[in-house]
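The values are calculated or read from the model by the stated rules, or taken from the named source; none is laboratory data. Values in this document were obtained by computation on a predicted structure and should not be read as measured data. For neighbour counting, all protein chains shown are included, and Cβ atoms are generated from backbone atoms with ideal geometry for every residue, glycine included. Just so you know, the surface numbers come from the protein's heavy atoms only, side chains and all, with ligands and any DNA or RNA stripped out. Shrake-Rupley method; radii C 1.70, N 1.55, O 1.52, S 1.80 Å.
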Amino acid sequence: MKPALIISAGTCGLARGAGEIVKAAQDYQSKRRLQQKFDIIITGCHGFCEAETNVVVHVDGKQIFYQKLRPENVKDVIEKTLLREEIINNFLWSDPKTQQVYVYIDDIPFYRKQKRILLGNNLHVKPECIEDYVKLGGYSALNKALKEYQPKRVINLIKESGLRGRGGAGFPTGKKWELCRKMKSSVKYIVCNADEGDPGAYMDRSLLEGNPHSVIEGMIIGAYAIGAREGIIYVRNEYPLAVKNIEIAIKQARKRGLLGENILGSKFSFDITIVRGAGAFVCGEETALLISIEGRVGRPRPRPPYPVEKGLWGKPTNINNVETWANIPAIILRGAQWFSSIGTEGSKGTKIFSLVGKINNTGLVEVPMGITLREIIYDIGGGIPAGKKFKAVQTGGPSGGCIPSELLDLPIDYESLTEAGSMMGSGGMIVMDEDTCMVDVARYFLNFTQQESCGKCPPCRLGTKDMVQILNRISRGEGREGDIELLENIGGNVKRGSLCGLGQTAPHPVLTTIKYFRDEYLAHIKEQRCPALVCTALISYVIDPELCGGCTICAKNCPSNAISGEPKKVYAIDQAKCIKCGICVSVCPDKFRAVKKVSPALT
Amino acid sequence: MIELMIDGKKVTAQKGETVLKVAQRYNIYIPTLCYHKDLSPYGGCRLCIVEVEGWPLPVASCTLPAQEGLKVKTDTPLLKDLRRFTLQLILSEHPHACLICDRKEDCAHYMECIQKAPITFGCKFCPSNNDCELQTLVDYLEIKDIPFDFHYRSLMVERYDPFFERDYNLCILCGRCVRMCQEVRGAATLDFHHRGPDTLVGTAFRLPHLETGCQFCGACVDVCPTGALRERYGKWQAKSEKSVRATCALCNIGCSINLNIDSEGKLVSSTPDNNQICVRGRFGIVPMVYHARRLTRPLMKKDNRLVEVEWEEALSYVASKLDEHRGKTGLLFGSHMTIEALESLYRLADDLRCSIAAPLDIDGKGEPLKLEEFKDESVFLVVNTDMIRDFSPLLLMLRMQSKIQSTIIVIDSLENKFTNMADLWLQPKPGKEFETVSLLFGRGKKRNTTGISHETLERCKDILKKRNVYVLYNPAHSRRIDVPKSVRTLPLYSSINTLKICELGTDGSVDDILKKKTIDCLYAIGVLPRLQKGYKTVIVQNCFPPPFEFDVFLPTVTFVETRGSVINIEGKVKKVRRAIDPVGKSKPDDWIFQRMSEILKYDIKRRRPRQRKKKLSRVFEDMGTSKKYPVNLLVRENCYMYQGHPLSSLMKGFQRLRDDTALWISVDVAKKLRIKDNMHVRVISRNINLELHARVSDNLPENSVLIYNHPFLGVDQNQAVRIECITKETR
Ligand SMILES: Cc1cc2nc3c(=O)[nH]c(=O)nc-3n(C[C@H](O)[C@H](O)[C@H](O)COP(=O)(O)O)c2cc1C
Ligand code: SF4
Ligand code: SF4
Ligand code: SF4
Ligand code: FES
């Protein structure tokens, strides 16, 4: 392979300025007529968000990883590294903890412990270029399936592999396909669920942007196995780049006879259309999604009948998540045994998580099932920034649960997460440090699900609203005796009484924070104290007279003139005037750090 | 056949049947709220949840298809808890003082007489008290308190539309009204707004219903389990005590209705009887029966003054006059009365040698419309007829009969709700509707002057080729349509009993009688002709006063105050019932004829009426505008009539639906002549000269005006006219 500059240009990379990097590189290349010397490869996301905008310099079979580049650095990178194989230390990634510097991408701890079966190819394919995908063995799985396997055999393979749905509930994929295949109907549909509504989750986007053909190939194989002629990718309109890349990919696949009539000369015909969703969280729920495709307002309906029995337009419909589909080609090519050798007893293969929050290495991580939370957070994620202590991790998106530090050694699979009161969900993972108030967190997530509730069934529509109100009053210091029990009671009933998965899981953040951090709730209710010093109503800002240097900066910056004192002497905050904006904390010079938060609030 | 267990009992189910339906069949009670037998299951309220052995969570039984071997439990402590929780939550959003007050029982005692007290008294703030499904559920689930904070939505009550009001503070979002309006009525006026805790029901952009596709059928009101949707009339009436199953005689469909009577024998409301009805039957009957302008005592002119008289005096006078004018009496009658009364009328006319006529346009033999005939996959080609306004229950029956596969094509130069919902709407130039039909069937002249493009016509022809085609039209304003033999034409007569009158025949049209020189006594029964000359005696028999002078007035009853039968468009004989006593001293028509024959001393019962001339079809002329008469006048029948009175002149609500007594003017004509709404204008043609108030409408084609005709206007067909302005804006 020719030397190449591989630029990470997914949506997040572009937001950080990857577009300018690309332009700088292309300008330089054409000005110097270096087209023969090296390639510029614009790929989807490389997964390491913290290091955006990053590039991988491919020279001499090695892959050098540069992070946080700016357009003016591009010239150096090309001249020195690409053309002369010189390493530029300044651009290398260094571990914030150990200060150790890494040159090659494979050595970086963030990548080293991952198993990037799905995401790995993001580094090697230009998303709009089917040839790249084919070069890496793309569509040979389809060829194999069509030529060598009967549909039944494909389903058996998927069943043997132990693949479970990556969209949330973890339903065995092979079994779902089989159910759909067995339905008697001349028309069947398959759907790819790319709604991805969890805040902070973007693995599906990254797959569709970076490697759309892998999803399409998975869908074609699935359609062949199930006996569907039409497929739909339901993707939210907020993912314009993903939409664009799938559109291109579908066109290319049609051109090559991979979609359309008589695929690869077989008797099997299949095509895919894209439906764009308006971006409601609840439209990720499968029945709401189907109704939305039909052009009506996305509101879930009770199951059974399940979509495999009565789905789109009343016909049997098989829905799978983007990541589920993307796993299919690999399973067909490498075999069920290979796949089921990865992971745990009940959960096979890898899972992509979006690791965000108070963590050093934010990014998309693909890990084998069964890895522990500790490994993800400390080894891959690089631990908590600024020397703070880990407090909890929220898995499974807004309707998942908070898992405390005691459970850091929990192996990650569907069952153990559920047992801990949380869930796999679609793979969001939000890390929280000691400065996080668990009441506040629960309130935040519940507020989200409450607003995203479709409003159809009373337990979810009204139960979550009541819970939010109780949480609001607790965080205002107006919590009542018995509120915790009331929350548990309502939460339990909402879980059992709601129509769809949204309501059935919405109370998780509250129930798990109560389960693992009951003391914090009690402190709010009984002592009007917020131990993490977050809930505004329960804290006060005070100036420590021992530390105050009398520099006057805080007094000058206070928007409400609440701080007074004489220069060079100790300053004080008038609690009656203080509006708790926290500006004084941020402006107090590091050498003093005299402004402190205390709880309960001073009166 | 599927076998499953419900509460330990072995039950059998049909394929596709839900567990709820099976349970109901076996008399196992499961509480429900969003479920309604006429609507598709929704599964939203979560009250009908049941437990299934081996399933992790309870499921809604109203949507759960029965499956072989299911073991269902409908009443467990968990279910009771969850149902209670859910209902308590629902009530945390629904004013509930009436539901859980600890004095509920004592209070109930005082509620009956509440009309006599100010409405703020006690807990009588809900229009639906005693008539609310929540009350039943609260009792069943033994709810005594609501542990949650109360959220009041603080919405304005929507009072700006006619007939019914909407207080969405009481709405529990069961979605029944939404499904009724969308699935059953096809009106799609109501839907959900927003989501989550802000979810609301209403029209798009919260527009008034008058500005939406609402048919004011009231079907939504009738399925609402709470007081959120309420009929305006009778909102504060006492609860009805009994219902009388009767027939609505306001149009030729003759829908079955329930007449609901309170403990004092007063009619409170008229509601559908497991069927779909229209705004006339749902909201028109009660206010008409108790109308302030209704005359309920006989009147006679004495010394040029109208005075109240006793029936005997009035009837002897009328009998003597009829006797005197034997052979010279013109008897005009409407079709509102019972068949029995009609037959008596014919015998009376035979005896007195009256010339008789009814304001009907009868085309052909007057054959009944047989719904069973319609096949699946039909195309209904409807010409110049707004089936939503005039025949909505029939339209729903047609659709049901021909299943989903039917296609509706409308040919109409006017835009209305029906043209908007049709599968295909062909809008020819005014007056070119029949040419369009001929072209579609490849008949008539070849040149296309309809204004419809060749492509559209071809597309339409393609549809017609493949299916069974039925042409539906209203003979009052459509000539007989020229179609091939394979196509059925079905006239839609708008007035009840038309088939009976076809059978009995008449002596010509109303106009023929009015023009007859020899006639010097006019007897108008439930019809208001446009008089063209003076008469020696004018006798009026009606519920409401006529707009012309008369000598005697005989007050008749409406169809809810008498018994007998009527015959509808399908040829079905249906019963009208005496649900209430005649208002005031009014009397049924057949009683009047009976008494009259007694005074005239002949036996009305024995004779069969003489057979009269049958056909009554008219010649329709082409419009042909000229310099003198430059504007196209389109004429449509006003099908909202009773005893010769447009409902819109009797009831404000109907006037707001559509001002039927106005001259409707297209925007361009109005602009040219500087005419604004409510100005008085004169319409002049070779045949007519009328003064009307104006209404400007953008639903009319260019250069046209429109009249909704009824006998008193006497404008029976399209023609070229001239418009003159009389006054500046009035009112
Ligand atoms: C509120 C809610 C939101 C959901 N959102 C998504 C989503 O964004 N993407 C997704 O793939 N599945 C989502 N699901 C799960 C889907 O309903 C469904 O289970 C999934 O698409 C099935 O695919 P799988 O078998 O491949 O997991 C959601 C479920 C619920 C209840
Ligand atoms: S649980 Fe929530 S989102 Fe799901 S149907 Fe009920 S209201 Fe809608
Ligand atoms: S009155 Fe009839 S048409 Fe109007 S909103 Fe109600 S159901 Fe719909
Ligand atoms: S208005 Fe009545 S019928 Fe309609 S959703 Fe509300 S409660 Fe149900
Ligand atoms: S009646 Fe079944 S959910 Fe409402």
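If you go through segment A:273-309 and pick out every residue that is within 9 Å of chain B (Cβ to nearest Cβ) and open to solvent by 40 Å² or more (accessible area, probe 1.4 Å), you end up with 4. Exactly one residue among A:ASP440, A:ASP379 is more than 23 Å from A:LEU118 (Cβ to Cβ) and away from ligand 5 (no atom under 16 Å from the Cβ), and that residue is A:ASP440.
In segment B:536-548, of all residues being in contact (Cβ under 8 Å) with a residue 60 or more places away in the chain and open to solvent by 10 Å² or more (accessible area, probe 1.4 Å), the one that is farthest from B:LYS585 (Cα to Cα) corresponds to B:LYS536.
When the criteria are applied in full, B:ASP102 meets the requirement of being more than 30 Å from B:LYS10 (Cβ to Cβ), at pLDDT below 95 and more than 14 Å from every other protein chain (Cβ to nearest Cβ).
Pairs are defined by a Cβ separation below 6 Å, a sequence spacing of at least 6 or placement on different chains, a first member in segment B:206-219 that is more than 17 Å from B:PHE283 (Cβ to Cβ), and a second member that is basic (Lys, Arg) and away from ligand 2 (no atom under 16 Å from the Cβ); the pairs so defined are B:GLY213/B:LYS417. Working only within segment A:76-106, note down all residues that are open to solvent by 70 Å² or more (accessible area, probe 1.4 Å) and not hydroxyl-bearing (Ser, Thr, Tyr). Once the filter is applied, which keeps residues that are open to solvent by 70 Å² or more (accessible area, probe 1.4 Å) and not hydroxyl-bearing (Ser, Thr, Tyr), segment A:76-106 yields A:LEU83, A:ARG84, A:GLU85, A:GLU86, A:ASN89, A:ASN90, A:LYS97, A:GLN99, A:GLN100, A:VAL101, A:ASP106. Within segment A:481-499, the set of residues being assigned to a helix (DSSP H, G or I) and at the interface with chain B (Cβ under 10 Å from one of its Cβ atoms) comprises A:LEU486, A:ASN489, A:ILE490, A:GLY492, A:ASN493, A:VAL494, A:LYS495, A:ARG496, A:GLY497. Quick one: in segment B:145-164, which of the residues that are within 12 Å of ligand 3 (Cβ to nearest atom) and either outside any loop (DSSP other than H, G, I, E, B) or within 14 Å of another protein chain (Cβ to nearest Cβ) (or both) is least open to solvent (accessible area, probe 1.4 Å)? The residue in question is B:PHE164.
Summed over segment B:347-406, residues that are modelled with pLDDT under 80 and under 16 Å from B:ASN420 (Cα atoms) total 0. The set of residues in segment A:561-581 being surrounded by 14 or more Cβ atoms within 10 Å (Cβ to Cβ) and either within 20 Å of A:ALA601 (Cβ to Cβ) or β-branched (Val, Ile, Thr) (or both) consists of A:ALA562, A:ILE563, A:VAL570, A:TYR571, A:ALA572, A:ILE573, A:GLN575, A:CYS578, A:LYS580, A:CYS581. Listed by position, the strands (runs of 3 or more DSSP E) enclosed by segment B:536-589 that each have at least 3 residues that are touching a Phe, Trp or Tyr at 6+ places or on another chain (Cβ under 7 Å) are B:537-542.
Looking at A:LYS37, A:LYS23 in this structure, which one is among the basic types (Lys, Arg) and part of a loop (DSSP other than H, G, I, E, B)? Sole residue among the options that is among the basic types (Lys, Arg) and part of a loop (DSSP other than H, G, I, E, B): A:LYS37.
Anything in segment B:180-207 that is more than 9 Å from chain A (Cβ to nearest Cβ), within 16 Å of ligand 5 (Cβ to nearest atom) and under 24 Å from A:PHE281 (Cα atoms)? List them, or say none. Hit for segment B:180-207 is B:VAL201, nothing else.
If you go through segment B:35-52 and keep only what is on the phi < 0 side of the Ramachandran plot, touching a Lys or Arg at 6+ places or on another chain (Cβ under 7 Å), within 12 Å of another protein chain (Cβ to nearest Cβ) and in a loop (DSSP other than H, G, I, E, B), you end up with B:SER40, B:TYR42, B:GLY44, B:LEU47.
Restricted to segment B:205-219, and to residues there that are part of a helix (DSSP H, G or I) and near ligand 3 (Cβ under 8 Å from one of its atoms), the residue that is farthest from B:ARG185 (Cα to Cα) is B:HIS209.
The residues of segment B:252-271 that are open to solvent by less than 10 Å² (accessible area, probe 1.4 Å), out of contact with any Pro (no Cβ under 7 Å at 6 or more places or on another chain) and part of a loop (DSSP other than H, G, I, E, B), listed by number, are B:ASN252, B:GLY254. Hey, among the residues in segment B:185-242 that are open to solvent by 30 Å² or more (accessible area, probe 1.4 Å) and of a type in the set (A, V, I, L, M, F, W, C), which one's farthest from ligand 2 (Cβ to nearest atom)? The selected residue is B:TRP236.
Filter segment B:638-657 down to residues that are among the hydrophobic types (A, V, I, L, M, F, W, C) and not in a helix (DSSP H, G or I) and give me whichever is most open to solvent (accessible area, probe 1.4 Å). So the residue we want is B:MET641.
Selection of segment A:312-332 for residues being open to solvent by 10 Å² or more (accessible area, probe 1.4 Å) and more than 27 Å from the chain's Cα centre (by Cα) yields A:TRP313, A:GLY314, A:LYS315.
For every residue, the table says whether it meets (1) at pLDDT 90 or above; (2) within 21 Å of B:ARG389 (Cβ to Cβ); (3) open to solvent by less than 10 Å² (accessible area, probe 1.4 Å).
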residue: B:ILE452; (1), (2), (3): yes, no, no
residue: B:CYS460; (1), (2), (3): yes, no, yes
residue: B:HIS477; (1), (2), (3): no, yes, no
residue: B:THR498; (1), (2), (3): yes, yes, yes
residue: B:ASP511; (1), (2), (3): no, no, no
residue: B:LEU522; (1), (2), (3): yes, no, yes
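Restricting A:GLU520, A:GLU478, A:GLU546, A:GLU527 to residues that are away from ligand 2 (no atom under 16 Å from the Cβ) and within 14 Å of chain B (Cβ to nearest Cβ) narrows the list to A:GLU478.
Total residues in segment A:491-535 satisfying the condition of being over 30 Å from A:ALA169 (Cα atoms), among the β-branched types (Val, Ile, Thr) and without any contact (Cβ under 8 Å) to a residue 60 or more places away in the chain: the figure is 1. Mind checking whether some residue in segment A:116-125 is in contact with a Leu (Cβ under 6 Å, 6 or more places away or on another chain), part of a helix (DSSP H, G or I) and open to solvent by less than 30 Å² (accessible area, probe 1.4 Å)? No, that holds for no residue.
Residue under question is A:CYS548, and the condition is that it be open to solvent by 20 Å² or more (accessible area, probe 1.4 Å) and modelled with pLDDT under 95; does it hold? For A:CYS548, the condition - open to solvent by 20 Å² or more (accessible area, probe 1.4 Å) and modelled with pLDDT under 95 - is met.
A residue that is at the interface with chain A (Cβ under 8 Å from one of its Cβ atoms) and part of a loop (DSSP other than H, G, I, E, B) can be found somewhere in segment B:53-61. One residue stands out in segment A:414-472 among those that are of a type in the set (Ser, Thr, Tyr) and outside any loop (DSSP other than H, G, I, E, B): the one that is farthest from the other protein chains (Cβ to nearest Cβ), namely A:SER416.
Is it the case that some residue within segment B:11-20 is under 18 Å from A:PRO302 (Cα atoms), in contact with a Gly (Cβ under 8 Å, 6 or more places away or on another chain), away from ligand 3 (no atom under 16 Å from the Cβ) and not in a loop (DSSP other than H, G, I, E, B)? The answer is no; no qualifying residue exists.
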